[in-house]
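**Q** One structure, pasted below without further comment.
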Amino acid sequence: MFHRLLKTWAFQTFLIFVLYYLTGRLGLLLALPPGYASLVWPPFGISIAALLLFGVNRWPGVLIGAFLVNARHLESISNLLLPLGISAGNTLSVIIAALLIRRFLHFPKRFYLEREVILFLFLSGPVAALFSAGWGVGLLYFNDLLSQKNILMNWIHWFVGDAIGGLIFAPLALMFSTQSRRYWLKSVTKVLVPVCVAFALILSASQYLTHSEQEKQAGEFTRKAEFTFNVLEKDFNGNIDMLISLKSFFDSSTTVTRQEFREFATTLHSRRPEVQALAWIPYDRTQPEKFRIEYIEPSALNSKILGYDFGTHPDRNALLKKALDKKRIITSSPLELNEFNHPARGIYLFLAIGRPEGVLLEVLRLDGILRDLTDVLNDPSYRVLIEDVTNTSARELMVDTLTDTANDFHADFKWSSHLEVGDRQWEITVQQDTSLRQGSAFNAAVFLLTSLIFVFLICALLLTIANRIITVEEIVDEKTQHLIDLNVQLKKASETKSEFLANMSHEIRTPLNVIVGMSDLLEESPLNDDQKHYVEISKKAGHNLLSIINDILDISKIEAGLVTLEKTEVDLHSLVADITEMFELKAREKNLELTVYLSEDTHSIFMGDPTRIRQVLSNLISNSLKFTTDGSIRVELMKNQTELDGNLIFHVSDTGIGIPRDKIPQLFQPFTQADSTITRKFGGTGLGLSISKRLVKMMNGDITIESELHRGSRFSFSLELPWLRDVQEEMQSPSEDSGPASTGTPTTLEPLSILIVDDTDDNRLLIKAYLKNTPHQITEASNGRQALELAQKQRFDLILMDMQMPVMDGFTATQKIRKWEQEHKQPPTTIWALTAFALKNEIDRSLSVGCNLHLIKPLRKADLLNHIQKLSEERHQSR
């Protein structure tokens with residue numbers, strides 16, 4: 001039902017209308033100052049794409065959306081026919097673009113050729129915009145909304161906005177098409193993101209330029225407004241200074257004749273053309289209401305008022321008396337100068353003098369001030385208003401530089417300040433309409449045309465590149481899928497191999513545990529010399545087999561990526577000492593001298609994996625012992641000063657059989673030795689050096705060999721270990737020797753109740769044999785379920801848990817025991833995993849389910865008894 005609704009004419013038309021209106025409102029927000037240009041008109045491109053996808057007969061949605069946007073935008077137009085006409089032109093241009101694209105490009109076929117991409121962009125952008133811009137600007141001109149000089153600029157603004165909208169939003173909208181999904185959706189990552197980035201760059205650039213332009217205009221406006229105010233303030237102060245100069249002239253003379261007044265006043269008036277008149281009005285106390293003008297200059301322009309009684313008007317009379325009373329400059333409010341030869345609007349300035357007693361009068365014409373302001377500004381985008389605000393409740397306009405077109409002036413910037421003129425307060429306001437600023441429309445047009453060219457080139461380049469990439473991708477897809485399938489198979493095979501090796505290791509370790517353990521027990525029994533020899537051979541074979549299994553397991557873990565390096569503190573001097581001490585006995589048995597050199601600058605604590613460092617160094621020393629029959633072996637540690645990577649370097653040198661030069665490159669290959677006879681003579685799997693090299697590489701180092709046949713070999717490996725701190729040497733007294741103190745009496749073991757859980761009878765028998773001569777109480781279970789039931793009935797001090805068993809494995813049994821202990825608030829039982837699983841992830845798994853320790857089979861009797869003794873001592877100390 002819903003899918004059918006989506007395909008109906010009404011729904012698709014309504015959808016186009018909504019998209020047009022919403023994106024149109026967005027487009028109006030992207031107008032560049034001073035408001036002429038919209039950087040991009042998104043609904044233009046969206047409409048073209050919509051008619052291509054849904055059909056040209058959905059054009060009413062475009063018409064209605066465009067009409068509502070234009071009618072709202074043109075609120076000052078009372079006649080709705082104009083926005084309807086503009087909308088019709090916009091709709092017609094969109095229809096033309098959609099028809100041309102269908103006709104010449106056979107949409108929705110895929111665009112393969114660069115020519116087709118460029119043609120699509122050309123038709124949906126500039127071609128369609130030519131018609132819409134011409135139609136819209138023509139209608140505005142014929143409705144007297146545009147002057148003839150602004151036609152070209154407005155056409156450019158309209159054209160660029162529609163063209164960029166078509167170039168960007170037509171391809172973007174088509175990417176969500178269903179008819180051409182296969183092509184356009186493949187272009188999303190290659191076109192959508194870059195086009196959006198390009199669009200964002202244009203928007204950012206426009207916002208930056210807009211902000212910069214606004215800041216620049218604001219700064220320029222403020223400077224010009226302050227300059228205008230300063231000029232006005234200076235002029236009015238100059239006018240006041242005229243009165244003060246005239247007063248000084250009177251004060252310096254006992255009498256002032258008409259000729260003297262004329263000469264002095266003419267000199268003052270020549271510098272102030274806005275002054276209508278300078279006059280002298282004597283005051284006779286016998287006739288206090290009479291204020292007859294005795295002198296006035298220039299007399300030719302003011303002959304009509306000479307001898308006129310200036311006090312006949314009540315307002316002027318009050319001002320004259322106020323000047324006589326206050327003895328300072330008194331200013332009138334704006335009034336009409338009807339008594340003068342050339343009536344105009346102006347103000348009076350009065351200043352009383354004491355000898356002779358009277359009032360000096362200065363008449364200022366406001367039209368003269370207006371002319372001065374016009375000359376100062378010389379810019380039609382500015383407007384200056386001077387208002388008398390002495391009475392704040394009745395502000396009175398004195399000067400407005402903009403009179404005829406004041407209704408069309410829209411103030412983008414405004415600045416005002418107050419000026420005291422005599423006893424009155426004036427407010428000077430400066431405004432600017434940036435749309436009237438010369439050159440602003442041209443700058444916006446240049447920016448938009450540049451943006452149009454940039455967008456066209458970017459879109460053409462991206463769509464062309466996308467076409468070529470998609471074509472190549474389709475050719476390669478099948479082979480890529482084949483390689484993916486092959487890679488999955490190889491990965492699965494690698495996982496199968498690793499799983500096989502792990503299982504093989506487990507299955508071999510399980511019986512080997514019994515073989516090695518029983519050999520240890522048999523060695524403790526009374527035997528003759530031959531029997532002891534046989535047992536020794538059996539033990540040696542078992543340990544060799546265990547070593548082979550460990551090597552195979554290590555190489556499989558490394559290849560499967562299961563080896564992770566530990567990061568902990570390492571004292572390399574102590575580590576080397578421990579390792580060489582372990583090999584000293586064997587070296588003495590072969591009459592070999594084992595020496596060690598540790599440079600003092602390496603006696604520090606480093607960060608590394610001591611287990612893996614020990615493994616590598618042990619492998620190399622073991623090899624040297626194996627292949628050296630006489631002479632010496634030397635182990636060295638020092639700071640690395642070679643070309644090898646790393647900050648530390650180890651050397652293991654021997655005087656053994658040596659290696660032929662042509663065989664050296666093969667030594668680090670798995671299962672490889674220099675000569676096949678070596679395996680028969682000395683034994684080994686050939687995995688030791690391969691494992692060592694891979695471990696060294698993991699520690700950001702390298703390993704090399706220098707050897708000469710029959711002269712000996714020198715193995716060197718470097719490591720990159722971060723330095724932590726120097727080793728602090730501590731002097732120990734004999735009583736604080738690191739060795740255990742002898743008490744003379746053996747340690748008494750505290751009896752423990754031990755549960756042995758293993759599905760193999762031989763393994764349980766072996767553990768019981770290990771514990772035969774101990775005071776511990778032994779209980780057995782053959783699977784995890786039995787162990788769980790026993791743990792719930794009886795409290796055990798230790799559970800030795802095999803992890804791979806039928807019925808219920810050790811992992812599940814341990815989890816259930818821990819859960820039962822928590823539910824019944826029982827103290828946790830010590831559980832040790834005793835299993836043939838040796839991989840790190842398996843060790844981590846056993847610890848994660850609740851085991852306290854993970855012991856790996858085959859387990860030596862001494863090792864097990866040591867662990868149990870420590871547990872017994874801990875129990876004894878806790879009690």
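The values are calculated or read from the model by the stated rules, or taken from the named source; none is laboratory data. Predicted model, so just to flag it, every value in this text is computed and none were measured. Cβ atoms come from the backbone with ideal geometry, glycine included; neighbour counts cover every protein chain shown. The protein model used for the area step is the full one, side chains on, heavy atoms only, and it has no ligands, DNA or RNA in it. Shrake-Rupley method; radii C 1.70, N 1.55, O 1.52, S 1.80 Å.
**Q** Tell me yes or no: at least one residue of the stretch 472-480 is in a helix (DSSP H, G or I), surrounded by 12 or more Cβ atoms within 10 Å (Cβ to Cβ) and either modelled with pLDDT under 75 or under 35 Å from the mean Cα position of the chain (by Cα) (or both). Spell out the reasoning first.
**A** First, the residues of the stretch 472-480 that are in a helix (DSSP H, G or I): 472-480.
Cutting the leftovers down to surrounded by 12 or more Cβ atoms within 10 Å (Cβ to Cβ) gives us 473.
When the remaining residues are screened for being either modelled with pLDDT under 75 or under 35 Å from the mean Cα position of the chain (by Cα) (or both), the result is 473.
Yes.
**Q** Could you list, in sequence order, all residues of the stretch 572-592 that are part of a helix (DSSP H, G or I) and open to solvent by less than 20 Å² (accessible area, probe 1.4 Å)? Working first, answer last.
**A** So in the stretch 572-592, the residues part of a helix (DSSP H, G or I) come out as 572-589.
Matches in the stretch 572-592: 572, 575, 576, 579, 580, 587.
**Q** Do we have any residue at all in the stretch 646-662 that's assigned by the TED database to the domain that holds residue 705, part of a helix (DSSP H, G or I), surrounded by fewer than 19 Cβ atoms within 10 Å (Cβ to Cβ) and not acidic (Asp, Glu)?
**A** In the first step, residues of the stretch 646-662 are kept if they are assigned by the TED database to the domain that holds residue 705; the result is 646-662.
With the extra rule that they be part of a helix (DSSP H, G or I), the set shrinks to 661-662.
Within this subset, residues satisfying the condition of being surrounded by fewer than 19 Cβ atoms within 10 Å (Cβ to Cβ) are 661-662.
Still in the running and not acidic (Asp, Glu): 661.
Yes, the conditions are met somewhere in the stretch 646-662.
Rundown of residues vs (1) under 29 Å from residue 522 (Cβ atoms); (2) of a type in the set (Phe, Trp, Tyr), yes/no style:
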residue	(1), (2)
763	yes, no
770	yes, yes
781	yes, no
796	no, yes
806	no, no
829	no, no
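**Q** Which condition number does residue 301 fail, the rest of (1) on the phi < 0 side of the Ramachandran plot; (2) without any contact (Cβ under 8 Å) to a residue 40 or more places away in the chain; (3) surrounded by fewer than 20 Cβ atoms within 10 Å (Cβ to Cβ) being met?
**A** (2)
**Q** When both residues are 6+ apart or on different chains and their Cβ atoms are under 7 Å apart, which pairs have a first residue that lies in the stretch 133-150 and is under 25 Å from residue 166 (Cα atoms) and modelled with pLDDT under 85, and a second that is in a loop (DSSP other than H, G, I, E, B) and of a type outside the set (A, V, I, L, M)?
**A** Listed pairs, sorted by first residue: none to list.
**Q** So, in the stretch 93-111, of the ones that are open to solvent by 10 Å² or more (accessible area, probe 1.4 Å) and either under 40 Å from the mean Cα position of the chain (by Cα) or within 15 Å of residue 50 (Cβ to Cβ) (or both), which residue ends up modelled with the lowest pLDDT?
**A** 110
**Q** Mind listing whichever residues of the stretch 631-643 are closer than 20 Å to residue 697 by Cα and surrounded by fewer than 17 Cβ atoms within 10 Å (Cβ to Cβ)?
**A** Answer for the stretch 631-643, where residues must be closer than 20 Å to residue 697 by Cα and surrounded by fewer than 17 Cβ atoms within 10 Å (Cβ to Cβ): 638, 639, 641, 642, 643.
**Q** Taking residue 796 as the residue in question, decide whether it is open to solvent by less than 10 Å² (accessible area, probe 1.4 Å) and over 22 Å from residue 512 (Cβ atoms). Walk me through it before giving the result.
**A** Numbers: open to solvent by less than 10 Å² (accessible area, probe 1.4 Å): yes; over 22 Å from residue 512 (Cβ atoms): yes.
Here the answer is yes, as residue 796 does meet what is asked.
**Q** Would you mind stating whether residue 628 is of a type in the set (Ser, Thr, Tyr) and either at pLDDT below 85 or open to solvent by 20 Å² or more (accessible area, probe 1.4 Å) (or both)? It would help to see each step written out before you state the result.
**A** Working: of a type in the set (Ser, Thr, Tyr): yes; either at pLDDT below 85 or open to solvent by 20 Å² or more (accessible area, probe 1.4 Å) (or both): no.
No; evaluated as a whole, the condition is false for this residue.
**Q** The conditions are (1) touching a residue at least 60 places away in the same chain (Cβ under 8 Å); (2) in a helix (DSSP H, G or I); (3) among the β-branched types (Val, Ile, Thr), and residue 563 fails exactly one of them. Which is it?
**A** It fails just one condition, (2).
**Q** What are the residue pairs meeting all of these: first residue in the stretch 539-552, first residue charged (D, E, K, R), second residue open to solvent by 60 Å² or more (accessible area, probe 1.4 Å) and in a helix (DSSP H, G or I), Cβ atoms under 8 Å, and 6 or more apart or on different chains?
**A** 539/523
**Q** Residues to consider are 838, 741, 833; find the one that is within 30 Å of residue 574 (Cβ to Cβ), at pLDDT 90 or above and outside any helix (DSSP H, G or I).
**A** On the way: 838 fails: at pLDDT 90 or above; 741 fails: at pLDDT 90 or above.
Of the residues listed, the single one that is within 30 Å of residue 574 (Cβ to Cβ), at pLDDT 90 or above and outside any helix (DSSP H, G or I) is 833.
**Q** Another one. Do you know which residues across the stretch 773-787 are within 16 Å of residue 834 (Cβ to Cβ) and in a strand (DSSP E or B)?
**A** Answer for the stretch 773-787, where residues must be within 16 Å of residue 834 (Cβ to Cβ) and in a strand (DSSP E or B): 778, 779, 780, 781.
**Q** If you go through the stretch 788-812 one residue at a time, how many are polar (S, T, N, Q) and assigned to a helix (DSSP H, G or I)?
**A** Taking the stretch 788-812 first, the residues polar (S, T, N, Q) are 792, 794, 804, 812.
Next, from what is left, pick out any that are assigned to a helix (DSSP H, G or I): 792, 812.
Within the stretch 788-812, residues that are polar (S, T, N, Q) and assigned to a helix (DSSP H, G or I) number 2.
**Q** Separate question: Let me spell it out: the conditions are (1) of a type outside the set (D, E, K, R); (2) open to solvent by less than 60 Å² (accessible area, probe 1.4 Å); (3) in a helix (DSSP H, G or I), and residue 847 meets all of them except one. Which number is the exception?
**A** With respect to (1) of a type outside the set (D, E, K, R); (2) open to solvent by less than 60 Å² (accessible area, probe 1.4 Å); (3) in a helix (DSSP H, G or I), residue 847 is out only on (2).
**Q** Looking only at strands (runs of 3 or more DSSP E) that lie completely in the stretch 303-394, which have at least 2 residues being of a type in the set (D, E, K, R)?
**A** Details: elements: 345-354, 357-365, 382-388.
In the stretch 303-394, the matching strands (runs of 3 or more DSSP E) lie at 357-365, 382-388.
**Q** Show the residue pairs that are 6+ apart or on different chains and have beta-carbon atoms under 9 Å apart, the first residue being within the stretch 308-334 and under 19 Å from residue 296 (Cα atoms), the second being part of a helix (DSSP H, G or I) and open to solvent by 40 Å² or more (accessible area, probe 1.4 Å).
**A** 311/321; 329/244; 330/322; 332/315
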